[in-house]
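Any read-out appearing in this document is the output of simple, stated calculations on the displayed coordinates, not a laboratory observation. Here the structure is a predicted model, which is why all the values come from computation and not from measurement. Every residue, glycine among them, receives a Cβ derived from its backbone with ideal geometry; neighbour counts consider all protein chains shown.
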Amino acid sequence: MISGISNFSGIDIPSDDVLTNCMHCGLCLPVCPTYAITGREKSSPRGRIRLIKSVAEGTLEMTDGFVDEMNFCLDCQACETACPAGVQYGSLVEAARNQIRIHGKESSSTSLLKWIFLHNVVSKKYLLKLVARILGIYQSSGMERLMKHSYVFKKLAPKLSKIQELSPRIDGRFFDDIYPEIVKPTGKPRYRVGFLSGCIMNVAFAKINEDTIKVLQHHDCEIIIPKDQVCCGSLQAHNGDFDIARTLAKKNIDVFLRSDIDVLVMNSAGCGALMKEYGHYLLDDADYADKAIIFSSKVKDISEFLYDIGLKKPEKEYKHRVSYHDACHLVHAQKISKQPRELIKSIPGIDYVELNEASWCCGSAGTYNVVRYDDSMKILDRKMENVKAAEAEYIVANNPGCLTQIAHGCTNAHVQTKVVHLATLLRDVYEL
Ligand code: SF4
Ligand code: SF4
């Protein structure tokens, strides 16, 4: 049993309001990917809310089945967008995961893996870089290719063999080793912009970070990239480890507020969503509550920022057929869908095609496609049907997880569509 509804959330959510707000109308069911693949009430948002309420009230034990349902959820928050009662489902499921962790209800292997990778490796930059170096050697030395074609590996660890294909490609040089703390704009400076180099973005998506910097420079931004910034804490928070997420949040608040920035530009939807929530996570912290609200008010996705300041007119037409996939933590968590579409459509020459079910999750969901590979692939199948139907040359997505997942789907389905970040597309448009 969990100790009472009001203590359940552990963060600022007025849990009893959130729980009783649910009218059981079922409007969230048709948008839920896990309900779509199972048809089971308990795997729907409404069903999970009932489960959480029962555990919180003590009428249901925190069983393995309960734990499995909380982990089966993608935390995509499509149900929040659909809910007429404003139920904050995302906060609720994260709070449930936090309680599962606190009560030691995860399997020992899962909790050990989370402790190693989320609590330690991802949270500590030097450790992440060390692990990334080792993984990079494995990938570039030919060992990975050998394993990929190894009959023994496929037989002994078939799932691991498939998951390996989803692991991010480690960059030869990490982003924060290339760029200095201050990057000047190409023209006259008009905006002082902070930039989060990220954890995984820093070691495996350095090119996207670089594309972002180039586009910001082109738009008169002086970019501040503090060396002592840390991981945003989103992977940890979404997996219910609020303690480490709060520690990381406080560090980033100190680092970026000291830098006197106008805006903190994000190029990863998951990170941006969490950083906009720092105020909620630190609501009860006397020293940081106010600072966190100020900090969160400065956070903007790159599409949001460029839409606000206005995109510069490209010199040439960009004659390509382009579509857009909504990352869940951009469309559902941050409610950003118009800005990236308008930016893409405003580029002369682009033939924009709307992706059917663009805001349906691709199945990436942080670490979900690794820990629940089979479920994740079922969800990806639906996305791929729509990707194929769009017949676009490029699918744009503003989140590294979505980029990796949809690219994986394209490779497996022999689809020629390229999956790119908005910053990469814009860099190409401006020939920067
Ligand atoms: S967050 Fe997504 S997967 Fe989870 S219940 Fe809501 S819609 Fe379903
Ligand atoms: S849409 Fe909202 S109120 Fe209706 S069942 Fe889902 S969570 Fe409850």
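What the table shows:
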{"read-out": "Rounded to whole Hz, the Karplus (6.51, -1.76, 1.60) HN-Hα couplings of the stretch 206-216, x for glycine and proline", "value": "4, 5, 5, 4, 5, 4, 5, 4, 4, 5, 5"}
{"read-out": "Other-chain or far-sequence residues with amide H under 5 Å of residue 194's (modelled H)", "value": "224, 262, 263, 264, 265"}
{"read-out": "Disulfide-incompatible cysteines by the Cβ rule (no partner under 4.7 Å) in the chain", "value": "22, 25, 32, 73, 83, 221, 362, 402, 410"}
{"read-out": "Inter-label distance, nm, simple model (7 Å from Cα along the C-beta direction), residue 148/residue 178", "value": "2.2"}
{"read-out": "Cα-based Rg and Dmax for the chain, where Dmax is the largest Cα-Cα distance (Å)", "value": "21.3, 65"}
{"read-out": "Fewest-first sequence of 54, 123, 323 by Cβ atoms within 10 Å of each Cβ", "value": "54, 123, 323"}
{"read-out": "Distance violations [Cα-Cα > 23 Å] among 188/313; 300/338; 114/298", "value": "114/298"}
{"read-out": "Overall Cα dimensions of the stretch 314-430, principal axis frame, Å, largest first", "value": "45, 32, 22"}
{"read-out": "Long-range HN-HN contacts of residue 301 with modeled amide H, under 5 Å", "value": "266"}
{"read-out": "Residues of type lysines that residue 125 reaches as a straight line, Cα spacing below 16 Å, ignoring anything fewer than 8 places off in the same chain", "value": "227, 250, 251"}
{"read-out": "Cα-based reach from residue 316 at 13 Å (exclusive), listing aspartates and glutamates while leaving out same-chain residues under 8 positions away", "value": "428, 431"}
{"read-out": "Cα-projected label distance for residue 116 with residue 141, points at 7 Å along beta-carbon direction, nm", "value": "1.8"}
{"read-out": "Phi-based couplings in Hz for the stretch 252-268 (Karplus 6.51, -1.76, 1.60; Gly and Pro marked x)", "value": "5, 4, 4, 5, 7, 5, 5, 7, 6, 8, 7, 9, 10, 8, 10, 10, 10"}
{"read-out": "Estimated 222 nm signal from helices in the chain, with DSSP H stretches of n ≥ 4 weighted -39500 (n - 2.57), rounded to 500", "value": "-14500 deg cm²/dmol"}
{"read-out": "Beta bridge orientation in the chain: antiparallel %, DSSP, nearest 5", "value": "10"}
{"read-out": "Within the stretch 245-332, GluC sites (Glu not before Pro) in DSSP loop having at most 10 other beta-carbon neighbours inside 10 Å", "value": "315"}
{"read-out": "Interchain or long-range residues, amide H under 5 Å from residue 351's placed H", "value": "320, 321, 322"}
{"read-out": "Rounded to whole Hz, the Karplus (6.51, -1.76, 1.60) HN-Hα couplings of the stretch 345-358, x for glycine and proline", "value": "5, 7, 7, x, x, 6, 9, 7, 10, 6, 7, 4, 6, 4"}
{"read-out": "Sites matching trypsin sites (Lys or Arg not before Pro) across the stretch 296-373 that sit in DSSP coil, with at most 13 neighbouring C-beta atoms within 10 Å", "value": "316, 319, 335"}
